[in-house]
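One structure below.
The values are calculated or read from the model by the stated rules, or taken from the named source; none is laboratory data. None of the values given here were measured: they were computed from a predicted structure. Neighbour counts run over all protein chains shown; Cβ positions are idealised from the backbone, glycine included. Note: accessible area is taken over every heavy atom of the protein model, side chains too, but ligands, DNA and RNA are not part of it. Shrake-Rupley method; radii C 1.70, N 1.55, O 1.52, S 1.80 Å.
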Amino acid sequence: DVKVTQSSRYLVKRTGEKVFLECVQDMDHENMFWYRQDPGLGLRLIYFSYDVKMKEKGDIPEGYSVSREKKERFSLILESASTNQTSMYLCASRGEGNNEKLFFGSGTQLSVL
Amino acid sequence: AQSVTQLDSHVSVSEGTPVLLRCNYSSSYSPSLFWYVQHPNKGLQLLLKYTSAATLVKGINGFEAEFKKSETSFHLTKPSAHMSDAAEYFCVVSHNFNKFYFGSGTKLNVKP
């Protein structure tokens, strides 16, 4: 089965710090996604990538950037963390073609103090 | 534009009784619709999907959902709830499989 691994389960950072959230998938999927999950808001798409070095903004990209240097790895970067970025961050991947199923990591709970 | 509305933020049922989690969608195109489940401290898992084939879709763990275009609904049901069904459920709509729009979630509580 596909495995999507997020490097940290819990992370605590200070306002203004640069934060890297890492995600690795092991099934050679072309498409990878970063979501944030907040109570009562569901999941909101931050960025997605459909190929190495390719990226597209999602619905809430402000304050975030991403990097996809290798197919299996998709990194989310908070250039200068702020308290309103405290959230659960979920990474997902999807295969090509009509394989619509998203495979999710376990999530990283980020707290910005 | 696409969006999803989950009508109940919390649903509580007794074990052995039916489950109904309601979802309405809005889509300018023929949508693909999904239900995902998230158990505490676990990743989201696909329960079932509708992608323009049969309107009644069967998923894992005894769940099913019916696509009703006239009502723009995709409600999730299960005849008999089990304690292990307690989780948060998300209804999702997609047009092109790169943008998936999630509902706000419904937390299902199952009482013994």
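So how many residues does the range A:4-23 have that are in contact with a Phe, Trp or Tyr (Cβ under 8 Å, 6 or more places away or on another chain) and within 14 Å of chain B (Cβ to nearest Cβ)?
Within the range A:4-23, residues that are in contact with a Phe, Trp or Tyr (Cβ under 8 Å, 6 or more places away or on another chain) and within 14 Å of chain B (Cβ to nearest Cβ) number 3.
Of the conditions (1) over 15 Å from residue A:86 (Cβ atoms); (2) open to solvent by 90 Å² or more (accessible area, probe 1.4 Å), residue A:45 satisfies every one except a single condition; which number is it?
It fails just one condition, (2).
Starting from the range A:8-22, take each residue that is closer than 15 Å to residue A:82 by Cβ and list its partners that are open to solvent by 40 Å² or more (accessible area, probe 1.4 Å) and of a type in the set (Lys, Arg), counting only C-beta distances under 8 angstrom and pairs at least six apart or across chains.
Filtered contacts from the range A:8-22: A:19/A:13.
Identify, from the list B:80, B:104, the residue that is open to solvent by 10 Å² or more (accessible area, probe 1.4 Å) and more than 16 Å from residue A:39 (Cα to Cα).
Of B:80, B:104, the one residue that is open to solvent by 10 Å² or more (accessible area, probe 1.4 Å) and more than 16 Å from residue A:39 (Cα to Cα) is B:80.
For residue A:52, are the conditions met, namely being under 11 Å from the mean Cα position of the chain (by Cα), more than 12 Å from chain B (Cβ to nearest Cβ) and open to solvent by less than 80 Å² (accessible area, probe 1.4 Å)?
So residue A:52 does not fit the description; no.
So, in the range A:87-112, exactly how many residues are open to solvent by less than 10 Å² (accessible area, probe 1.4 Å) and closer than 13 Å to residue A:35 by Cα?
The qualifying residues number 11.
Counting only residues that are aliphatic (A, V, I, L, M), open to solvent by 50 Å² or more (accessible area, probe 1.4 Å) and away from chain A (no Cβ under 14 Å), how many does the range B:1-52 have?
1
Any chance you could count how many residues in the range A:35-49 are part of a loop (DSSP other than H, G, I, E, B) and either away from every other protein chain (no Cβ under 11 Å) or not hydrophobic (A, V, I, L, M, F, W, C) (or both)?
2
With respect to residue B:93, is the statement that it is touching a strand residue (DSSP E or B) at 6+ places or on another chain (Cβ under 7 Å), within 28 Å of residue A:50 (Cβ to Cβ) and either within 8 Å of chain A (Cβ to nearest Cβ) or touching a residue at least 60 places away in the same chain (Cβ under 8 Å) (or both) true?
Judged against the criteria, residue B:93 is a match.
Has the range A:73-86 got any residue that is assigned to a strand (DSSP E or B), under 19 Å from residue B:41 (Cα atoms) and open to solvent by less than 40 Å² (accessible area, probe 1.4 Å)?
no
Quick check, is residue B:81 more than 18 Å from residue B:4 (Cα to Cα), more than 14 Å from every other protein chain (Cβ to nearest Cβ) and modelled with pLDDT under 95?
It is false that residue B:81 is more than 18 Å from residue B:4 (Cα to Cα), more than 14 Å from every other protein chain (Cβ to nearest Cβ) and modelled with pLDDT under 95.
Any residue in the range B:1-13 that is more than 15 Å from the chain's Cα centre (by Cα) and over 25 Å from residue A:93 (Cα atoms)?
yes
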